Amino acid sequence: MAKACVNNLFVSLDGFAAGEFVTFDQPIGEAQALFSYFDGRGIEGVHHVDAPVTADRALFAMWGQGIGAEIMGRKKFGPQTGQWPDDGWRGWWGEEPPFKTPCFVLTHHPREPMEFDNGTSFHFVDASPADALAEATAAADGGNVRIGGGPSMVRQFLAAGLVDFMHLVVVPVTLGRGVWLWEGLEGLEKDFTIESLTTAGGLTHQLWNRRG
């Protein structure tokens, strides 16, 4: 059974998962400290890393395992707002996005899809979380659907009861402001079993699995 998964969502000790404002220079706003512990070399598998297999690297590698499609919020694709400008923007990642699957960008301003040589495609849809998940599930061809963020979008899917698995990475920093993941989600933990692992690198990995 395919699942809707949140993978590698970095959260501060006070629950913030992104900065308040996204710009071309600051893709996650003022929250860059969240990623100071992230080693992204192994997101496609630890066998790609010429370094020791640590607990952090092994858990980060879940990002790409079994994923057939992704859903992301508009700010994860770019900082623009309103109608899409004719600026040639093709995402933060240039011509080699790491996804290598169909990606569905939630936006109130749909546009023509973009396709890349490595198998990534971006589809811009104005849809509810449930409708977007149904479309992405069909495109995933039996694989899981990654709910890719940002945190406001993840919160919508959590509130709608659509997330089956969530991997949170709690980073030992406090931000004091930003996009708070937990707003309106009081009692969410009752719907999941939760396991935690704190690594030598200082990160706490939380694995949330929806109760049957």
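The values are calculated or read from the model by the stated rules, or taken from the named source; none is laboratory data. Keep in mind that this is a model prediction, so the values were computed, not measured. Positions of Cβ are backbone-derived with ideal geometry, glycine not excepted, and every protein chain shown enters the neighbour counts. Side chains are part of the model used for accessible areas, which takes the heavy atoms of the whole protein and leaves out ligands, DNA and RNA. Shrake-Rupley method; radii C 1.70, N 1.55, O 1.52, S 1.80 Å.
Near A127, within a Cβ-to-Cβ distance under 13 Å, what is the net charge of the other residues, with Lys and Arg +1 and Asp and Glu -1? Don't skip to the answer; put the middle values down first.
On the way: positive: R74; negative: D126, D131, E135.
The answer is -2.
In a GNM of the chain with a 10 Å cut-off on Cα contacts, which of E183, E70, E44 has the highest mean-square fluctuation?
Sorting by GNM fluctuation, first place goes to E183.
How much net charge surrounds L9 when only the other residues with a Cβ under 12 Å from the Cβ of L9 are counted, with Lys and Arg +1 and Asp and Glu -1? Provide the component values of the computation, followed by the final result.
Numbers: positive: K76, R146, R155; negative: none.
Around L9, the surrounding residues sum to +3.
How high is the relative contact order of the chain, given as a whole-number percent (alpha carbon pairs under 8 Å, six or more residues apart)? Spell out each step's value before the answer.
Values: 433 pairs, mean separation 63.6, N = 212.
Over the chain, the number comes to 30 percent.
Report the gain in length on full extension from D141 to Q80: 0.36 nm times residue separation, minus Cα-Cα distance, nm rounded to one decimal. Could you put the intermediate results ahead of the total?
Numbers: separation 61, 0.36 × 61 = 21.96 nm, distance 3.07 nm.
That pair, D141 and Q80, stretches by 18.9 nm at full extension.
When the chain is treated as a GNM, springs tying every alpha-carbon pair under 10 Å, which of G150, G201, G78 comes out with the largest mean-square fluctuation?
Checking each option, the largest mean-square fluctuation is seen for G201.
Any idea what the relative contact order of the stretch 91-193 is, in percent, if you count C-alpha pairs under 8 Å spaced at least 6 apart?
Numbers: 100 pairs, mean separation 19.3, N = 103.
About 19 percent, as a whole number.
Rolling a 1.4 angstrom probe over the protein heavy atoms, how many square angstrom per residue are accessible across the stretch 35-156? Kindly include the intermediate steps, with their values, before the conclusion.
Values: 6000 Å² over 122 residues.
I get 49 Å² per residue for the stretch 35-156.
Springs between alpha-carbon atoms under 10 Å, Gaussian network over the chain: tell me which of F16, F124, F192 tops the mean-square fluctuations.
Judging by the Gaussian network model, the answer is F192.
Net charge near I28, counting Lys/Arg +1 and Asp/Glu -1 over other residues with Cβ under 10 Å of its Cβ?
On the way: positive: K75, K76; negative: E30.
Every neighbour counted, the sum reads +1.
Where a Cα-Cα gap under 17 Å defines reach, which lysines qualify for K76, not counting those fewer than 8 residues away within the same chain?
Straight-distance partners of K76: K100.
Just the number, please: carbon plus sulfur as a percent of the accessible area of the stretch 71-212, 1.4 Å probe, no ligands or DNA/RNA counted. Show your work: numbers first, answer last.
Working: 3390 of 7010 Å².
Carbon plus sulfur share of accessible area: 48 percent.
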